[in-house]
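Note sheet for the following structure.
The values are calculated or read from the model by the stated rules, or taken from the named source; none is laboratory data. Every value quoted in this text rests on a predicted model; they were computed, and no experiment measured them. All Cβ positions, even for glycine, are placed from backbone atoms using ideal geometry, and neighbour counts span all protein chains on display. Just the protein is used for accessible areas: all its heavy atoms, side chains included, with ligands, DNA and RNA removed. Shrake-Rupley method; radii C 1.70, N 1.55, O 1.52, S 1.80 Å.
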Amino acid sequence: MSYSKRLHRDDPVRTGPIRNFSGLYQSNYSDGHSSNSSSSASSKNGAPADGRERSQDEGIGLAYRVIEKHIRDGKKNAERFNDQPYNARPITDGFPELLERTIRYQNELLPLWLQALGSAVRIDSLRMPNTPGPFTRPESNNPASHGSKAISLEIASARPVQVSLDLREHSEALPLISLGLRAVDENKPPLNDISFAPATTRGAIRLRISVPDSHPPGTYSGVIVNRDSGETLGTLSISIAE
Amino acid sequence: MPIRVAVIGGGCASISAAFELTRPEHKGKYEVTIYQVGWRLGGKGASGRGHAARIEEHGFHVWMGFYENAFRLMRECYAELNRDPAKCRISDWRDAFFPAPFIGVASRSQAGPYSTWLSYFTSAEGLPGDPLTQEYPFSVSSYLSHTASALRTMLLAAETRASRGHDGAPRTENHVSDESAPPSRGGALPEDLANRIARLLKFGLLATTAGIIEALELLRAAFERSAIYPDFLLPLLEAMSSTARGQIETLLGNDSELQFVWQAIDMAMTAMSGVIRFGLFSDPRGFDAINDYDFREWMTINGASESTMNSPLVRSSYDLAMAYEGGDYQRARHAAGVALRGSLRFLFTYRGSIVWKMRAGMGDVVFAPFYEVLKRRGVSFRFFHRLEAVKLSELGELSGSERPYVKALEFAIQAEVRDGEYRPLKDIDGLPCWSSTPDCSQLVEGQRHLDWKFESHWDRRAVGTKTLKVTDDFDFVVLGVGLGAIPFVCQDILERDQRWRDMVTHLKTVETQAFQLWMSEDMESLGWDGPPISLCGFARPFDTWGDMRHLIPEERWPSPPKSIAYFCSALADSGSPTESNDVNYEATRREQVRKNAITFLNNDIGQLWPRAVRDPGKFRWELLADANGTVAEDGEARFDSQFWTANVNPSDRYVLSLPGTPKYRISPLDNTYDNMTIAGDWTACGLDTGCVESAVISGRLAAHAIAGRPALGEIVGYDHP
């Protein structure tokens, strides 16, 4: 707050809610793709699948297994009480257990299907163009936003976070460092565990951010500079949820 | 020197902003003055006490169990108020609010009469406003697990109550027991055992089959655009799905109970399919990405059956949001993203009870405590101040990069107060309450004001004017008037700012109507033997009914009524007045509501309360309790003893979320105007739908915009897909 004759408002950190909950609500988010699976999924030609395709394969496979189990169990229960293949004949006893089991399967399996599919599938909106909303939002760590860029993110955080990265064009090839991210509230400690590292494929660089569990929630911002020249090349902001 | 904040309006958003800005943690940094038209706070939530201390509301208000921000502030308010329970019957927030777990949906069957689907929602862990004990609950996995659990509830607790004949005898009674639900009410005819078993079987099959269908639907949604899935399987999957759906439709037949259950399941499953199909898991816009669709359109795209889209469940979701453009039931439109977000929050994130009712009027249990606490904190209240204009700085006055700012606030003074300060609350046996009429004895030349309609937009009478100037009188402004008032008070902004013009052009509002009945017979005697219910989807034009029997002991009738009922709905447009001084407009609309209510009582209420009508088309008017004994003994004229309202003032109009329009909302965080923020359920507040929680979130955002507090992360559910 500055005090001249007339008081002024500080610029807001943001003017809209964070909507991107794939990035917001996943901890240890890394580039939008699962990388810790032991699955040996591969692409159709036998070559190792890339992250996205492998993730899809795993998700689809899991969905299949879950659905098959659900159908199998449902039929088994129906047959058990009907003593014949699953159909619509009246049942004269054992109904409550059948109903309870059916519902339990729904309870247990339904979230699994959807979680599996949710992690596997990314379908663009059918109709709406991807135009910005009423607010100017920073780029999020949405995989769709970064999938084709030469920077990947690795975030180690037990809590939801949103990352906003604004980097000058063609800066990827330069030696980048962060001088630490600070909150407006000076009482909050800076976030210092941030590093840029050469990526292992395609020359991309990798930005790693580690958020200690005890770090206060809030928005932390700072600049990215050229380690050699000290020139400012961009800004980095991270919002840590409660 | 404290920073002076002028808060315009006294609704939920304004009060929340004032509450935040005057928290003790700020140590008096902000000096808040609230400017209020007329004599009472509350905005669309204002209420008053009339004859016999009866409660008179703007409509039927309940608080949803997901109103985390609203309950949090309310609880803090009561804690700070620290009323003595020995002296005040509503001394704690739990005295003020109580669980109302029964929700009903009415449906007209093919044969004509209405049926009601009664659902008992089991209590959820915790209480609204508690600190969040789990990880951020607004996640997909959380919603999905809650969805599954809710499906179970729907299956077990669903109950159809066929409407009764005029002899009061139940025609059918279906019941599925649930140990967690309260005991079934009496009066059910013994059911044929074989029929019951067959029905239960169908439930089981329904669940299983629905699960299979949904699995296929999800797969289809997932693989529709995936190159790694063989294309030839897609038609096969679709054929299987179609076959299975057909089997279910055959199973259902004319069984309305199973129809309800299937439609509920179909809705839930379809919504989840849509989330996947539209990639809402990862879209940075969250559910906003589908806001160009109407909710029903989007559900249909995602495979919901036609019967589900025409179901009372879907219709009820529109009723709750009054989502009828121009109040026209033929133009039901609700932005899909807003509807989906609201439904998920409503159904799956509530704590304690899904719905909470208030023990007294909303003014009494919400705004009176806030008024008292804010007074203690030093907030000044200026009643009888009608905002006339928000004046902006001239462009030539701005230096360099200076942003435009509010230079002055112009008010009409509706009345001068004798002692300088109006004391708005009156004591009802120990409970501070608002009055339905101003206390003119506190006003200079009070007799002169007896017929003034202080809250009417069209009564422009005033005794003077006042202009507040920036730096002289205020530093910051929280503009908390309703959206409908913006075109009248923000001409400067609208002339200059395309975004504000888009906002008032594209965001639509609707008038609403409500009436309340006090009756001399209890609900059972009238033919309703169900629990105290909140019901929507009923006969238009009054689709929503609240059983408010719990208010009887709160009022002060010489001979108390045996039942109280509230009804409300959108009010169809008749062409809004163009002249600000059209003093007859409000009376004309009130008369329309009166006629609507009388027609409704004669022709429709018998579907719910069969013994409230003497013959078809003849309501028993003698049932209506008369608080002051000044009306005819019988006949329709007796309705004049009841309370009804046409909420037609611009600021009272309910804000809609029509498809394609939420993007035109402006956030309280927006700083286009350097010293002004906005607050109200019409702003971009995250939920983006008209309700108490939206208003409270908006007020908290407005406080953040000025003071940097509360932190955005503390505003529960603001960050949400």
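In this rough spin-label picture, where each label sits 7 Å from Cα along the Cβ direction, the B:Leu132-A:Ser214 distance is 2.3 nm.
For B:Leu656, the residues whose amide H sits under 5 Å from its own are B:Lys508, B:Thr509, B:Val510, ignoring neighbours fewer than 5 places away on the same chain, with H placed 1.01 Å from N. Within the stretch A:222-242, the residues that become at least 30 Å² less accessible when every protein chain is included than when their own chain is isolated (1.4 Å probe; DNA, RNA and ligands ignored) are A:Glu242.
Which order do you get for B:Arg4, A:Arg182 if you rank them by accessible area with a 1.4 Å probe, largest at the top?
A:Arg182, B:Arg4
Which whole number gives the average count of other chain Cβ atoms within 10 Å of the Cβ atoms across peptide B:708-720?
Mean partner-chain Cβ count within 10 Å for B:708-720: 5.
Excluding ligands, DNA and RNA, the accessible surface per residue across the stretch B:307-456 is 37 Å² with a 1.4 Å probe. In this label model, B:Glu495 and B:Lys27 are separated by 4.4 nm, measuring between points 7 Å along each Cα→Cβ vector. Applied to the stretch B:382-397, the Karplus parametrisation 6.51 cos²θ - 1.76 cosθ + 1.60 on θ = phi - 60° returns per-residue 3J(HN,Hα) values of 10, 6, 6, 10, 9, 5, 9, 7, 9, 9, 8, 4, 6, 4, x, 7 Hz, with x for Gly and Pro. Sorting the segments B:366-374, A:166-174 by their mean number of nearby beta carbons within 10 angstrom, highest to lowest, gives B:366-374, A:166-174.
Please check which bits of the stretch B:521-561 a label hung off B:Thr599 would reach, taking the label as a point 7 Å along Cα-to-C-beta and the cut-off as backbone N under 15 Å. B:539-543, by backbone N distance to the label point.
Counting Cβ atoms of other protein chains within 10 Å of each residue's Cβ and taking the mean over peptide B:658-669 gives 3. Averaged per residue, the stretch B:542-663 has 39 square angstrom of accessible surface, using a 1.4 angstrom probe with ligands and nucleic acids left out. Is the stretch B:347-437 rounded, prolate or oblate when judged by the Cα gyration tensor, a ≥ b ≥ c being the square roots of its eigenvalues, rounded requiring a/c under 1.5 and prolate requiring a/b larger than b/c? It is oblate, given that a/c is not under 1.5 and a/b is not larger than b/c. Distant-in-sequence amide contacts of A:Ile224, defined by a placed amide H-H separation under 5 Å and a gap of 5 or more residues or a different chain, comprise A:Leu233, A:Gly234, A:Thr235, A:Leu236. Within the accessible area of the stretch B:465-589, the carbon and sulfur atoms contribute 50%, probe 1.4 Å, all protein chains present. The residues of the stretch B:1-132 present an accessible area of 34 Å² per residue when probed at 1.4 Å with all protein chains retained. For the chain pair B and A, buried accessible area totals roughly 7200 Å², probe 1.4 Å, rounded to the nearest 100.
Distant-in-sequence amide contacts of B:Ser91, defined by a placed amide H-H separation under 5 Å and a gap of 5 or more residues or a different chain, comprise nothing.
Note that the stretch B:356-364 has calculated 3J(HN,Hα) couplings of 10, 9, 9, 6, 8, x, 4, x, 6 Hz, one per residue in order, obtained from phi through the Karplus relation 6.51 cos²θ - 1.76 cosθ + 1.60 (θ = phi - 60°); glycine and proline are x. Note on surface exposure: B:Ser119, B:Ser401, B:Ser651 rank B:Ser401, B:Ser651, B:Ser119 by accessible area, highest first, 1.4 Å probe. Normalised by the number of residues in the stretch B:397-520, the average gap of Cα pairs under 8 Å and 6 or more apart makes the relative contact order 26 percent.
The simple spin-label model puts a point 7 Å past each Cα toward its Cβ; for B:Thr672 and B:Arg590 those points are separated by 3.7 nm. In this structure, B:Arg376 and B:Asp459 have a Cβ-Cβ separation that, at R0 = 51 Å, corresponds to a calculated FRET efficiency of about 0.95.
Pop the C-beta distance of A:Asp11 and B:Arg423 into the FRET formula with R0 = 45 Å and round what comes out to the nearest 0.05.
Calculated value: 0.65.
A:Ser164 exposes around 30 Å² of accessible area when a 1.4 Å probe is run over every protein chain in place.
For the stretch B:450-458, putting each phi into the Karplus relation 6.51 cos²θ - 1.76 cosθ + 1.60 with θ = phi - 60° gives couplings of 4, 9, 6, 9, 4, 8, 7, 5, 8 Hz, in residue order, rounded to whole numbers and with x for Gly and Pro.
Computed extension length for B:Cys88-B:Ala637: 193.9 nm, one decimal, from 0.36 nm per residue of separation with the Cα-Cα distance subtracted.
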